1. Round to the nearest 10 and give me the degree value, 0 to 90, for the angle of helix 139-149's Cα axis relative to the longest principal axis of the chain.
2. With axes computed from alpha carbons, what is the tilt in degrees of helix 166-180 against the longest principal axis of the chain, rounded to the nearest 10 within 0 to 90?
3. What FRET efficiency do you get for residue 59 and residue 3 if R0 is 22 Å and r is their Cβ-Cβ distance, rounded to the nearest 0.05?
4. Any chance you could check the Cα centroid distance between region 1-58 and region 128-157 for me, in angstrom?
5. Taking the Cα centre of region 89-239 as the origin, how large is its charge dipole in debye, to the nearest 20, when only Lys and Arg (+1) and Asp and Glu (-1) carry charge on their Cβ atoms?
6. Using only Cα atoms, what is the ratio of the radius of gyration of the chain to 2.2 N^0.38 Å?
7. When only alpha-carbon atoms are used, what values of Rg and Dmax, in angstrom, describe region 140-197?
8. Would you mind finding the longest exposed-site-free stretch of the chain, with exposed trypsin sites (Lys or Arg not before Pro) meaning DSSP loop and at most 16 other Cβ atoms within 10 Å?
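Readers should treat all values here as calculations from the given coordinates under stated rules, not as data from a laboratory. Source: prediction; values computed, not measured. Here the Cβ positions follow ideal geometry from the backbone for every residue, glycine too, while neighbour counts run over all protein chains shown.
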Amino acid sequence: MIKKLLFGISALMFINIITIIITSKFNIGIGTWLYILVLIATILYAIFFDKFPRKYHILIGATVSIPLIFSTFLAIYGNRSTVNFNEDVLIVLGAGVIGEEVTPSLASRLDTAADYFNQNPNTMIIVSGGMGDNADITEAEAMKRYLIEKGIPPERIIKEDESTSTYENFAFTRQILETEFPADTTIAFTTNTFHIYRAAYIARHFELNVNQLDAPTPLTAATPNYLREMLAVINTKLFQAN
């Protein structure tokens, strides 16, 4: 019964991975590679399930529970918007561009930002993101174009187009805030639910008092995003914002 369940899960994972690869135009990131490794491990576990003694099943179950608990924490934390729709500035964190097109995760962030702007048209939007490996234009430029198509006035958008990581998003955006806005400026940021925790942590590192606005994580890409984010949180805690 458990073997059949594992093979069924593996089949669903395989279909999901193929969907991710196709929709990302074969731009396979770290999260997807991790997902593929998990798929391989699941298949091997299903094949050799009967050969493992009981104590190894317990160990494997405990090991699997760690990322599940971690992901659950990130998801719960990420679904806690604290904006009051009266902030002076909304920061939109970049999430990849393929050619000149924003990725589904970034589109979700921008749609959320556009909805926010419709409720608070007095806000300024800072789009933050530099040049990616598979991009023809900077994330900031692609984000600005997307928001303009959504009806956001160009004069309400400021580009920060040098950053290549979340850490740099806030480092370079902070420079813009310090040079172009008064000290009492109220700030919010938006990113996908899986990314909220780390983004808020880094913002606090730069002593930015920010409210958070969660954007939905595209369902088809949720697993690789959460897998990658767990490693990114550990890396940030150990080597960056500490």
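1. Computed tilt is about 70 degrees.
2. For 166-180 against the chain, the angle is about 10 degrees.
3. Numbers: r = 18 Å, r/R0 = 0.82.
Between residue 59 and residue 3 the formula returns 0.75.
4. Taking the Cα centre of each part, region 1-58 and region 128-157 sit 35 Å apart.
5. The dipole of region 89-239 has a size of about 440 debye.
6. Normalised Cα radius of gyration, the chain: 1.12.
7. Every Cα atom of region 140-197 included, Rg and Dmax give 12.5, 31 Å.
8. Result for the longest clean stretch: 151-242.
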